[in-house]
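Right, one structure below, let's go through it.
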Amino acid sequence: MIIRKHKILQNVIITSVVAWLLLFVFLPNIMIIGTSFLTRSDNNLVDLIFTWDNYIRLSDPMYAQVMLHSLNMALIATFFCLVIGYPFAYILAKLPKRIQPLMLFLLIVPFWTNSLIRIYGLKVFLSTKGYLNDFLLWIGIIDKPIKLMYTPEAVVLGLIYILLPFMVMPLYSSIEKLDKSYLEAARDLGASKLQTFVKIIIPLTMPGIIAGCLLVLLPAMGLFYVADLMGGAKNLLIGNVIKSQFLNIRDWPFGAATSIFLTVMMGLLLYVYYRAAKLLNKKAYEE
């Protein structure tokens, strides 16, 4: 009787999850794909006329420039997240076990506040009359406020501020699971700390590095509100193009095509991660 009730509960849970995914994930994506092949209409948003024009427009130099600019800023943000996040994750993994839960809790605490609110807070902090300029003026480093907002650097800083925890967590997981016998063997064989780091630690934590880079790079290209609030009209991400097409220009088919293009790019990057992780695991097994 207990086993039967357990199976019924299991079937109900599985059915609920599948229904949820079909209704709120699969069906909306099918609708977006279908819309991307339709024609814009001023009266009905879309006309049921099949066309490839929405995807052909993506080759327009203007949109190609926005995509390249978006990818460039996402790559820069990913690089700095890695540079900042790796030492942070390494130190975190080396802390005493009784302190690690507290530090992880402090790392996750910002997620309790909406990221949009945090970007508004960062905007106030970096503005011409913000706290940072006031502090620099007070200690005498500058004699007049410096302009930090509405620049590419401000957008990159906003992306780093929002996405850094996504880099730290997979890095911490990889470093924390690192087999210490490899480090002891390197020390016994006379390897320096730099050689140990380059030849052993980095290769063994490469899955975490790749995962962290993807977790930062993929969302960085779509965080349109960061570009809106921190960068102004001249520093757009591909997410800004999608938002504008749906909400401002009302060209839903082209917005849908741009969304599908971004999704395909993300899928390709995830496939690269899968292949790289598989290759690294194969090499580690052979060694």
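The values are calculated or read from the model by the stated rules, or taken from the named source; none is laboratory data. This structure is a prediction, so every number in the text was calculated from the model and none was measured. So basically every Cβ, Gly included, is an ideal-geometry build from the backbone, and we count neighbours across all protein chains shown.
Table: residues versus (1) within 30 Å of Pro152 (Cβ to Cβ); (2) in the same structural domain as Ala154 (by the TED database); (3) part of a helix (DSSP H, G or I).
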position: Leu23; (1), (2), (3): no, no, yes
position: Leu27; (1), (2), (3): no, no, yes
position: Ile32; (1), (2), (3): yes, no, yes
position: Val46; (1), (2), (3): no, no, no
position: Ile56; (1), (2), (3): yes, yes, yes
position: Met62; (1), (2), (3): yes, yes, yes
position: Val66; (1), (2), (3): yes, yes, yes
position: His69; (1), (2), (3): yes, yes, yes
position: Met73; (1), (2), (3): yes, yes, yes
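When both residues are 6+ apart or on different chains and their Cβ atoms are under 6 Å apart, which pairs have a first residue that lies in segment 188-212 and is more than 18 Å from Gly85 (Cα to Cα), and a second that is hydroxyl-bearing (Ser, Thr, Tyr)?
What qualifies is Ile200/Tyr182.
Restricted to segment 50-67, and to residues that are surrounded by 15 or more Cβ atoms within 10 Å (Cβ to Cβ) and either at positive phi or hydrophobic (A, V, I, L, M, F, W, C) (or both), which residue is farthest from the chain's Cα centre (by Cα)?
The selected residue is Leu58.
Mind checking whether some residue in segment 173-185 is under 28 Å from Ile76 (Cα atoms) and touching a His at 6+ places or on another chain (Cβ under 9 Å)?
The answer is no; no qualifying residue exists.
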